[in-house]
Every structure is written in structure tokens, then in C-alpha cells.
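Structure first, commentary second.
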2 protein chains.
Amino acid sequence: MSAVDWSHVFATRSERMRASEIRELLKLLDQPDIISFAGGIPDPKLFPVEAIRKAQDDILADPVTAAQALQYSVSEGFAPLRRWIVDFMGKNGVPCGLDNVLITCGSQQGLDFLGKLFLSPGDTALTEAPTYLGALQAFNSYEPRYDRLILDGGNTTPAAYASAAAANGGRVKFAYVVPDYANPTGITMSVESRDKLLALAEELDVPVIEDSAYQALRFDGEPLPSILSLDIARSGGDIEKTRTIYCGTFSKTLVPALRVGWIVAAQPLIQKLVLIKQAGDLHSSTLNQMVMARVAETAYEANVARAIALYRGRRDAMMAALDASMPKGVSWTHPEGGLFVWVTLPEGLDGAELLARAIAEERVAFVPGKAFFATDSMSNTIRLNFSSPTETQIAEGIGRLGRLVARMAGDAAAA
Amino acid sequence: MSAVDWSHVFATRSERMRASEIRELLKLLDQPDIISFAGGIPDPKLFPVEAIRKAQDDILADPVTAAQALQYSVSEGFAPLRRWIVDFMGKNGVPCGLDNVLITCGSQQGLDFLGKLFLSPGDTALTEAPTYLGALQAFNSYEPRYDRLILDGGNTTPAAYASAAAANGGRVKFAYVVPDYANPTGITMSVESRDKLLALAEELDVPVIEDSAYQALRFDGEPLPSILSLDIARSGGDIEKTRTIYCGTFSKTLVPALRVGWIVAAQPLIQKLVLIKQAGDLHSSTLNQMVMARVAETAYEANVARAIALYRGRRDAMMAALDASMPKGVSWTHPEGGLFVWVTLPEGLDGAELLARAIAEERVAFVPGKAFFATDSMSNTIRLNFSSPTETQIAEGIGRLGRLVARMAGDAAAA
């Protein structure tokens, strides 16, 4: 094959399109002798297979629902599924209506659509550092500048964010956060920080994108109010006066591969997003939406309870293993839920170098932290996933990793 | 609800996002006393419901395939489905490999991704006039200029296309066509025109996007070679040396609502599109891809034969009804396949005005032609669909429409 150079016809945004390292790392999951903390995927034993199978059978056995399930449908999504989401959001402090809900192909598609809606080249997106790699990939297509959102301990004023954006030829368009047991850090944003974020967004007059991918998976303590629910409370109970755009998904609570997520926001935003959905892929799979509406109705609560029980045990196993195995100078987060722990290595110990040796010497994998930074990265960090490995694998794998870190830290100290 | 003004945070592209009239017209399909020629959707009686149900049951009954079907998967798509597409393309004059195939959520998503890959604001897309509305909606998100692609009877040179693009601040990035029984015109591009298009694209050094949504649904005569197959023949049999990007879909041949389409092109293009897919929605529904791989294997040929038989009868009924009912001065295309007929009304008779009166006076619906033009439109045109109405409805509805056109043409002549 001759290498054809297509660069002259690629859009300028194509320069931002890069393969993620995680994609390569996920392939390691298939190697049985590797203990992988690299993934970010649910344990398949949690999938409600029988509920899905029964829902599909029932839908396809009835000629009326079968014809509906297999035909083109509206871009905003299957109404009974949106109704379930309205009820779910209502129970979680977000009174809203059907016209506040758009169905997306997972929350990833929601993030892409929000980038498309808001970002012109050179505009500024405020993101935490580190933050969800998939969000950076989605936003990159629209050629933004990133500025680091610091809510606690920083001294950046709204005016400073705005003038830095203007100096770079654009304006601040939104702030993006994963408030609950974030990917990659596992950290939960306090209510005080959520309020600060809303005040900042109000001052800048921009939307807040709340990525709630893991929100339901809380192992300890009381759930915190979502940013959207706090925004509604500040806005006299009226979602139409809010600025928060909530991205939800069934990927971590029920099943990822039906690709069903949702966005909840004020109607003027949803109306634009419906047009983006129509232009983007017409609509999400009708059958998958109909199946998800039935499975959510019957299996959501029990499945979330099962996921919490399973992942809490694994989180506990990981905390215990880190305590037991990591040498002095290593610190890590204590997630109240979700799938991830963020580990900070001693200064000068590089996460990517650690990975190379971990695979070669210890048959252990994870993701180096630098993948999750839009700009300046902290290279002495790594992300560990605890939703895929068993408790036994966690104890063994973290033990191996701890010994390797100790060796490398010792070598560095001796050097 | 107070009207919130979000325009200051919307990207410049948001000005191009408009609700399509077709969306409104499709709602008329639900009114039983309306005979609608407005849709562009398959007849649900063609859906291979039992094959889909059996495939899903089999996949979900086996714990190994169930876990695979419900889990995250690779962005390029499910390998056995891509293998089926490689075989299918090979049988249709397109020798290619797995790495030349990306699975998309319908061909609509393929068009969106291609807009994203190629178009910076102000770049020029060459499109026929009229052309597929959904393509214009997809491309609009990337703020192109459109120039009219004329292959027969025009005198625009490649240099003229290029300099017009440059004068508008961009460059020509691709030519987009629906070569077989196009939406909306029903017209098939001759082999000579396909060759001219490839020569033009070569001269401009740009890709050709071949939207083959209807290609398999040929009622009469021999299939024409796809543009990609002609390109491969010109390129010494090597797909890696071609410039044609083929967008395929199962929406019109098997079922639309599983949202499974594909792109076939040279590997450097597919590699970029895989990154766009990953950033856009991670991957298409794994279960739907696995189902489609099985259903395509067992049901594709028979289902296409059934669709051709059904739609050929309806096309014939529509041709007969137009012959019998339309007054002098009305002309229409004679599609060799697909779903649509394009009707040109007498000068001065506006398609949108005809629609308003057709709904009010005759309970007949269709799409005014102007929806399908990127720039200057021919307002005395309409698109008629023949895949949804029965032969009886076609005879009755076209009869009513012909009488209304005759009345309106008579009124215009008398005025």
C-alpha cells in the first residue's frame, strides 16, 4: 500500500484527533496473565441479561411494537424512556418535563454534541485537571482552548478566566465537571464547590456541563445534590431558568453496549441538541430505547444495588492493598463510589515508565495519569480501575505494583 | 417559562441548525385520513422480525456472547459484521479488507463524520442540486460553502470550482453524490458521469463521497458499477490508491432502527474516522452489530428481493397514476429503483403552496422540493415517496393531487 497524503483535505480540527493510549491498554485486558487496572468498564456479571432478553422478546413478539421498534423514530428519543428519565430525575431533585430530555448514544455522544453546540475554534472550555479523557477527545474536534477550572484554593477570578479567553481569541463557553467520584480521580466535589461553580458560571454567563456517569454508584455516605438540582433550587424551582446541562447514562448502572444515555437541560438547549442529533445520526436505536425503557422500569434499582455491593468490595480491597503494599511517599484518593482511584507517586517517578516496567516485570497494567490532562500534566500519577478485577486480583496486582514502585523509588533515591 | 437567550454561548455553526420541514411532515403519517408521500422510510412489513428475534435470543442465551454483546467494544466495529461487509463489497466490485471498513450509526452518522473530517468553516462542498437534505444538515454543522456540482451539460472547469472556493476563503474539500435513484430525484448517474466525477475529483485532488443508501433497490435493468468500484479499476485494483468514500447502510434493505451503516475507504481515511467515532460515541451498539451480522448472513438477499418486488409495484403504480392524473406541463422522473419520484410543476406553481392546499383540500402530503437545495432552489418541484403508501393509496392520492394541480394551473392561467 502506498501512503496517500490526505492532509490537504482534512479540516484543521483533524490535527487534534489522536488515538488514545487507553485504547491500546484495553487490549491488555484480553491477555489472561495480565492483571489490568487499565479499563473503565463495568463487570459483565452485572448485566441484566435476562431482563434484556425478555424485553426484546416481548417487543418483537407483538407485531405493533415490533414494527415500531425497527422503524425510524423521532430524534429526541422514545417517549416512554424519556418519561422514565423524567421520573428518575424528579426523584433526584430535578423536576423537569419530557421536553427537557434528549436521548443520546451514551453520555459520550452528549459530550460531542455539547462541544458542537458551544465551541467555535479558539473558544475556551473550563475543565478540571485531570479530567475525563473522552470529554477532551469529544471537545478537541471543535478546536477549543482549555483553561484549568480551580474551585478550591485557587485565586482565579471570573474576570481573569474571561480575559484569558479573550486574549486567546475566543470566550469562555462552558465549564465541564464530573462531580461524583470523577474519572480519573475518584474525587467527589463538595456541595460548597458545586455552589462556587454555579456562582462562577453565573458570573461568566456560561453553562455548566455536569457529567454524572458514576453518580448512582455511591458506596458510602449520603448522595450529594446534583449541580442541576442546586441550580434549580437557586432558580426558583424552574429548570427553564437554569444553566446546568446534565449528562446521564445507563452504561455504568445497567449496560453500556445498548448505547443509551441522556441529556437533561432547559428547553432552548434541548431544542438545539435535538437538531444536532437529527443531523448527527437521526435518532438512537429505537429497539434499544424500547428495551431500556422496560429494563430500567423493572431492573434499575436492583441492578444498581448489586453494582454498589460488588464495587464497594473491590474498592475496599484496593484501599487495603494500597495500604499494605505501597511504600512511603505514595498517596491515593479514597473514592466514595465509582470505578477509579488516583495514585500520586513520589516526585520524579513517571507513570508511563512505571507502566512499561509494570507490564514487563509484573504483568500489571493501568493508565498513566498524563492521559487525563488537557495541557500541563502531572507525570507522577496513575489511574487504577477497580470495577473489572476481582478482589483476589486486586490484592495480588496491587501487591506486585507496590513492590515495583518501592524498587523504582529506591533506585531513584540511590541514584 | 422565561425565554433564556443562549445565543452568546452558541458556536457560530449554530446559525446553520434549523428544524427540517420534513420532520413536521412526517407527523402527518400518523393521521389516518392523510395519504402521505412525504416519508422516506421503508415499509415495516419488510422488516425481518423473526430473524432479528432469533439472533438476539441466540446471542443472549449464550453467556459468552451475551457478555460480549452487552459490553463496550472497539470503535471500528464488530469484526464479523465488517467481514460480511468486506464480502458484500467484494461481490460488488470493491475488493477491500477489514481495515477499510468502519461501522457507523446509519449512513447519516457517516455523513456527519465526513463533514467533521474534511470541512473547516468556509470550505466548499460540491453537491448536486437538489440533493439529500440529511447530508446538507450534517455538513451544515461544519459551516461549508456549497457549490453546485454539474457533470453533464455544464461548463464549470475544475479550475473554476477551485478559484470560486478560494475566493470564498476556503478550498474544495469533497464532492458528495447519491448516484443511484437519488434522494430526492430518483435519478441514476450514468457510468459516463461517474467517470467524469472521478476525473474532476482527481483534477481537484479531493475525495468523492458516494452515498449508496438505495443502491441495492434496483427494479429494472443491470446494476451500474459503484463509483468506488470504478475508482478501484482506475487505481490498478488497489483501494488504497482510491479517493472514493463509500457510505452504505442496512436501513433500506433490512431495518433502519438498529442504526447500522458503514463506510468503506482507503485505510488512512478509515483510521481518522475511527478516531472520530471514538470521540463521537465510542462505538455503535455491540448487540445491534452482532444481530446485524447474523441477520445479514441469513436474510439479506431474500429481504432485498422482497423489497424490490414490493417497491417496484408501487413505483409502477405511481408512474401509472402520474400518467393518468397529471395535467399537461407537469413532468417527473422515472426511477429505476429506490424510494422517490421528483415532480416538476408548471413554472410559477409553488411546491409549498401546493402542499398547503393538498393537505387542506385533498388530504395528501409530500415534501416541497425547495427543502433539498443548498442555495438557489427550484420552487416548482416536489418529492413523492412510493415506499410507504400502498398501490391503492398511490392511485387515489396521485389522482387527488393531479386534480388539485390542474385546478391551480388553471387558476394561474386564468389570472
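The values are calculated or read from the model by the stated rules, or taken from the named source; none is laboratory data. Please read all numbers here as calculations on a predicted model, not as lab measurements. Methodologically, a virtual Cβ is constructed for each residue, glycine included, from the backbone with ideal geometry; neighbour enumeration extends over all protein chains shown.
Assess whether A:Asp57 counts as being charged (D, E, K, R), surrounded by fewer than 24 Cβ atoms within 10 Å (Cβ to Cβ), free of Cβ contacts under 8 Å to residues at least 12 places away in the same chain and outside any loop (DSSP other than H, G, I, E, B).
Working: charged (D, E, K, R): yes; surrounded by fewer than 24 Cβ atoms within 10 Å (Cβ to Cβ): yes; free of Cβ contacts under 8 Å to residues at least 12 places away in the same chain: yes; outside any loop (DSSP other than H, G, I, E, B): yes.
Yes; evaluated as a whole, the condition is true for this residue.
Determine whether the stretch B:68-76 contains at least one residue that is in contact with a Lys or Arg (Cβ under 6 Å, 6 or more places away or on another chain), surrounded by fewer than 24 Cβ atoms within 10 Å (Cβ to Cβ), among the charged types (D, E, K, R) and not in a strand (DSSP E or B). No; the residues of the stretch B:68-76 include none that is in contact with a Lys or Arg (Cβ under 6 Å, 6 or more places away or on another chain), surrounded by fewer than 24 Cβ atoms within 10 Å (Cβ to Cβ), among the charged types (D, E, K, R) and not in a strand (DSSP E or B). Counting the residues of the stretch A:147-165 that are assigned to a loop (DSSP other than H, G, I, E, B) and not hydroxyl-bearing (Ser, Thr, Tyr) gives 7. Reported count of residues in the stretch B:112-146, each being surrounded by fewer than 22 Cβ atoms within 10 Å (Cβ to Cβ) and part of a strand (DSSP E or B), is 2.
Would you confirm, using the coordinates I've provided, whether B:Pro48 is farther than 21 Å from B:Gly110 by Cα, surrounded by 17 or more Cβ atoms within 10 Å (Cβ to Cβ) and in contact (Cβ under 8 Å) with a residue 12 or more places away in the chain?
Values: farther than 21 Å from B:Gly110 by Cα: yes; surrounded by 17 or more Cβ atoms within 10 Å (Cβ to Cβ): yes; in contact (Cβ under 8 Å) with a residue 12 or more places away in the chain: yes.
Criteria met by B:Pro48.
Restricted to the stretch B:336-350, and to residues there that are of a type in the set (Gly, Ala, Ser) and modelled with pLDDT of 95 or more, the residue that is nearest to B:Pro44 (Cα to Cα) is B:Gly338.
Scanning the stretch B:231-269 for residues that are part of a helix (DSSP H, G or I), of a type outside the set (S, T, N, Q) and surrounded by fewer than 22 Cβ atoms within 10 Å (Cβ to Cβ) returns B:Ala233, B:Arg234, B:Glu240, B:Lys241, B:Pro268. Residues in the stretch B:299-311 include at least one that is in a helix (DSSP H, G or I), of a type in the set (D, E, K, R), free of Cβ contacts under 8 Å to residues at least 24 places away in the same chain and more than 30 Å from B:Arg407 (Cβ to Cβ). Scanning the stretch A:147-184 for residues that are of a type in the set (Gly, Ala, Ser), away from chain B (no Cβ under 14 Å) and crowded, with 21+ Cβ neighbours inside 10 Å yields a count of 1. Residue count for the stretch A:1-21 under the criterion of being under 23 Å from B:Val74 (Cβ atoms) and modelled with pLDDT under 80: the result is 5. Residues in the stretch A:96-111 that are assigned to a loop (DSSP other than H, G, I, E, B) and more than 8 Å from every other protein chain (Cβ to nearest Cβ): A:Cys96, A:Gly97.
If a residue must be closer than 30 Å to A:Ala67 by Cβ and either out of contact with any Cys (no Cβ under 7 Å at 6 or more places or on another chain) or more than 9 Å from chain A (Cβ to nearest Cβ) (or both), how many such residues does the stretch B:265-287 contain?
Here is the first cut: in the stretch B:265-287, the ones closer than 30 Å to A:Ala67 by Cβ are B:277, B:280-287.
Now narrow it down to the ones that are either out of contact with any Cys (no Cβ under 7 Å at 6 or more places or on another chain) or more than 9 Å from chain A (Cβ to nearest Cβ) (or both): B:277, B:280, B:282-283, B:285-287.
Number satisfying all stated conditions: 7.
Of all residues in the stretch A:333-354, which are surrounded by 17 or more Cβ atoms within 10 Å (Cβ to Cβ) and free of Cβ contacts under 8 Å to residues at least 40 places away in the same chain?
In the first step, residues of the stretch A:333-354 are kept if they are surrounded by 17 or more Cβ atoms within 10 Å (Cβ to Cβ); the result is A:333, A:335-345, A:349-351, A:354.
Result: A:Thr344, A:Asp350, A:Gly351.
Taking the stretch A:239-273 as the range and being out of contact with any helix residue (DSSP H, G or I) (no Cβ under 7 Å at 6 or more places or on another chain) and either hydrophobic (A, V, I, L, M, F, W, C) or farther than 19 Å from A:Gly110 by Cα (or both) as the test, the residues that pass are A:Lys241, A:Leu269.
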